[in-house]
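Chemist: Below you'll find the structure I mean.
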Amino acid sequence: MKRELILVIILGLGFTSCLRLDDQLFNNKKIAAYAFESYTGTRELADLNGQYLIPDSLIHPITFTSSSSDGEATIYGVYIGAIDRVSTDTVILYCHGNAHHMDMYWSRAKLLSKIVPNHRFGVLMFDYRGYGKSTGKPSEENLYADTDAALQWLASRGLQSERLIVYGYSLGSAPACEISLGKKILTPAKIILEAPFASSQVMINDASGLALPGSYFTNYKINNADKIRSINQPFMWLHGTKDDFLSIKTHGEVVFKNYKGTKGVAVRVDNAVHNNLPSVMGYTAYLEKLRMFIIGN
Amino acid sequence: MKLKQAIIVGGIGLAIFACNPVRIVEPLKKGEKAIGANLGGAVVKLGKAPVVLPLSSIYGAYGITSKTTIHASFHVTSSLFGVLQTDVGITYGLLKPKVWLPGISVGMHTHAMVDIWTGTGRIYPTPEINIYRKWGKDKQHTIYSGFNTWVELQSMRAHQEPQPNIFLPSFQIGVLLSTPRHQWQIECKQLAIGISNQNLVVDYISPFSYGATGIYLGWVKKF
């Protein structure tokens, strides 16, 4: 009996390993080519197909290089707008969510480019490492590095911080907060978060019902709830009241509550779930709300 | 955005607080020893398919009197994530089953866990009560039902927000089927009774809008 007990304990200890969920948190998908408007797969705001069309002359596929401790990666992005006017237009850096790649979010990006009818807004969207055609492997560190590389691309085109807006949706709220801390080559003048994470620990707390540490499952922090305390730029938060993935109460409200700046705008959208907020709100109303926040003082 | 991986994260998160079936339903005889292993957890929706989370643990038990049994365990799946988890406890037989009366046992257990990454620990006292009946030619099989609750000692959760749940109760029903050399356990739990399962990163399968249903299999060898 004693020998058997010792054996099972040793076997059990042998299982103790470094398995983490870090690599499993990303829902990225590789593709051979981007289709954008003609993409036929599942996409967010699919009811926008055929509306808010962007002329081909304003769609500019781009690539840039991102460096992190994992090495260099080629990042694929798309700039919607007049690429020769990056230095003079207002630019929205769109940090997309966790699903698949840029085609999934094309409707969202083109919508943002219509905030002002005369296209004096540019939108830069890009795929994080491991998403779409971007090379490498996603990680929390790489999300930040890739977004930093996007900032460098914009800065190299002459963009100044005062005309940079960052829009982070869902997972994209993490890099959006990170670059808003003011430690990068550009600091966004305003920050918009739609359905943001509070942190990985909140995900664990919600799922378990217990105050379990996030470290039990992942080394990633994705700690927007703490980072937002150090962000003083004007901040707009949008969240569906029926968000079925990131609860408005435990994620969004906590992020907004922790914002200590003076210009916080909360937009709680009744009956919207995680991925349909602009649609439920109404596209015109959604764009107007964003326009007022971006252009207003 | 339903991430299959996030489902696993959340699923393990929930399942960790009820990651094993009842250890000791009926106290062992004085001096009797047992070892066991179990597998199972909350049922979650993975895509469109229901999946039982494969949480596992191993344990040993010893009858210190004819009414009192102690046990200690090691949680294998938790250890895969670098979380060293054990539950230790004591089970006391209040009533032995008689012709018409069921047996009743009560237990006081403690789940303790610590991660190897940050050294953060948690302790969860878990009181439990079970009623059981014996059946079969030699009354070798057992059917049981019971109730336990994890007790959250932390008053605050992430970002200094108040911890909403102090008690996470579960109700279980199960059978222990005995063969001459082994005992096999099948148990079904309704986890986290009263705690909403809506708007989470994980799709728990439950007949209700709260908690989750868990399914567990176990093996016991007595000496």
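The values are calculated or read from the model by the stated rules, or taken from the named source; none is laboratory data. Treat the numbers as computed from the prediction; the structure is a model and nothing was measured. Cβ sites come from the backbone with ideal geometry, for glycine too, and all protein chains shown count toward neighbours.
Chemist: Can you tell which of A:S113, A:S87, A:S134 is more than 20 Å from A:S170 (Cβ to Cβ) and more than 14 Å from the chain's Cα centre (by Cα)?
Modeler: After ruling out the rest, the residue left standing is A:S87.
Chemist: What is the one condition in (1) modelled with pLDDT of 95 or more; (2) in a loop (DSSP other than H, G, I, E, B) that A:N118 does not satisfy?
Modeler: (1)
Chemist: Does A:S247 fit the bill of being surrounded by 22 or more Cβ atoms within 10 Å (Cβ to Cβ), under 26 Å from B:V44 (Cα atoms) and either at pLDDT below 95 or of a type outside the set (A, V, I, L, M) (or both)?
Modeler: The answer is yes for A:S247.
So that you can scan it fast, the table gives a plain yes or no per residue for (1) out of contact with any strand residue (DSSP E or B) (no Cβ under 9 Å at 6 or more places or on another chain); (2) under 20 Å from A:L111 (Cβ atoms):
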{"site": "A:A189", "(1), (2)": "no, no"}
{"site": "A:V202", "(1), (2)": "no, no"}
{"site": "A:I228", "(1), (2)": "no, no"}
{"site": "A:G240", "(1), (2)": "no, yes"}
{"site": "A:D243", "(1), (2)": "yes, yes"}
{"site": "A:V255", "(1), (2)": "no, no"}
{"site": "A:N258", "(1), (2)": "yes, no"}
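Chemist: For the range B:32-114, give me every one of the strands (runs of 3 or more DSSP E) that falls completely inside it and has 2 or more residues that are under 30 Å from A:N219 (Cβ atoms), among the acidic types (D, E) and in contact with a helix residue (DSSP H, G or I) (Cβ under 8 Å, 6 or more places away or on another chain).
Modeler: Values: elements: B:33-46, B:49-52, B:56-63, B:68-75, B:83-95.
Hits in the range B:32-114: none.
Chemist: Evaluate the following for B:E128: is it within 12 Å of chain A (Cβ to nearest Cβ), within 23 Å of B:A212 (Cβ to Cβ) and acidic (D, E)? Lay out the reasoning, then the answer.
Modeler: Numbers: within 12 Å of chain A (Cβ to nearest Cβ): no; within 23 Å of B:A212 (Cβ to Cβ): yes; acidic (D, E): yes.
No.
Chemist: Continuing with the same structure: Would you say B:G41 is touching a residue at least 40 places away in the same chain (Cβ under 8 Å), within 17 Å of B:P21 (Cβ to Cβ) and within 14 Å of chain A (Cβ to nearest Cβ)? Can you show your working first?
Modeler: Numbers: touching a residue at least 40 places away in the same chain (Cβ under 8 Å): yes; within 17 Å of B:P21 (Cβ to Cβ): yes; within 14 Å of chain A (Cβ to nearest Cβ): yes.
Yes, satisfied.
Chemist: Of all strands (runs of 3 or more DSSP E) completely enclosed by the range B:138-223, which ones contain at least 1 residues that are within 16 Å of B:N20 (Cβ to Cβ) and at the interface with chain A (Cβ under 9 Å from one of its Cβ atoms)? Before the answer, list the steps.
Modeler: Values: elements: B:141-151, B:167-178, B:183-196, B:210-222.
Fully inside the range B:138-223 and qualifying: B:141-151, B:167-178, B:183-196.
Chemist: Now for a different question. Pairs, please: C-beta under 6 Å, at least 6 apart or cross-chain, first residue within 14 Å of another protein chain (Cβ to nearest Cβ) and closer than 13 Å to B:T65 by Cβ and in the range B:22-37, second at pLDDT below 95 and buried (at least 24 other Cβ atoms within 10 Å of the Cβ)?
Modeler: Qualifying pairs under 6 Å: none.
Chemist: Taking the range A:131-174 as the region of interest, how many residues are small (G, A, S) and over 17 Å from A:P61 (Cα atoms)?
Modeler: Counting residues in the range A:131-174 that are small (G, A, S) and over 17 Å from A:P61 (Cα atoms) gives 11.
Chemist: Would you confirm, using the coordinates I've provided, whether A:G168 is buried (at least 21 other Cβ atoms within 10 Å of the Cβ), in contact with a Leu (Cβ under 6 Å, 6 or more places away or on another chain) and modelled with pLDDT of 95 or more?
Modeler: For A:G168, the condition - buried (at least 21 other Cβ atoms within 10 Å of the Cβ), in contact with a Leu (Cβ under 6 Å, 6 or more places away or on another chain) and modelled with pLDDT of 95 or more - is met.
Chemist: Ok, one more. Would you mind listing the strands (runs of 3 or more DSSP E) fully within the range A:181-297 where at least 1 residues are within 13 Å of chain B (Cβ to nearest Cβ) and on the phi < 0 side of the Ramachandran plot?
Modeler: Filter on the range A:181-297 gives A:190-194, A:235-240.
Chemist: Okay, moving on. Search the range A:25-39 for residues being part of a strand (DSSP E or B) and within 14 Å of chain B (Cβ to nearest Cβ), and hand back the single one that is farthest from A:H100 (Cα to Cα).
Modeler: Checked the range A:25-39; the qualifying residue farthest from A:H100 (Cα to Cα) is A:N27.
Chemist: Okay, next question. Select from the range A:164-199 the residues that are in contact (Cβ under 8 Å) with a residue 40 or more places away in the chain and closer than 13 Å to A:S247 by Cα and list them in ascending order.
Modeler: Selection gives A:S170, A:E194, A:A195, A:P196, A:F197, A:A198.
Chemist: Output the residues belonging to the range B:162-182 that are in contact (Cβ under 8 Å) with a residue 60 or more places away in the chain and closer than 17 Å to B:K222 by Cα.
Modeler: The answer is B:L176, and nothing else.
Chemist: Limited to the range A:57-89, what total is found for residues that are loosely packed, with under 15 Cβ neighbours inside 10 Å and farther than 18 Å from A:F121 by Cβ?
Modeler: Selection size over the range A:57-89: 8.
Chemist: Please determine whether any residue of the range B:41-63 is over 14 Å from the mean Cα position of the chain (by Cα) and polar (S, T, N, Q).
Modeler: no
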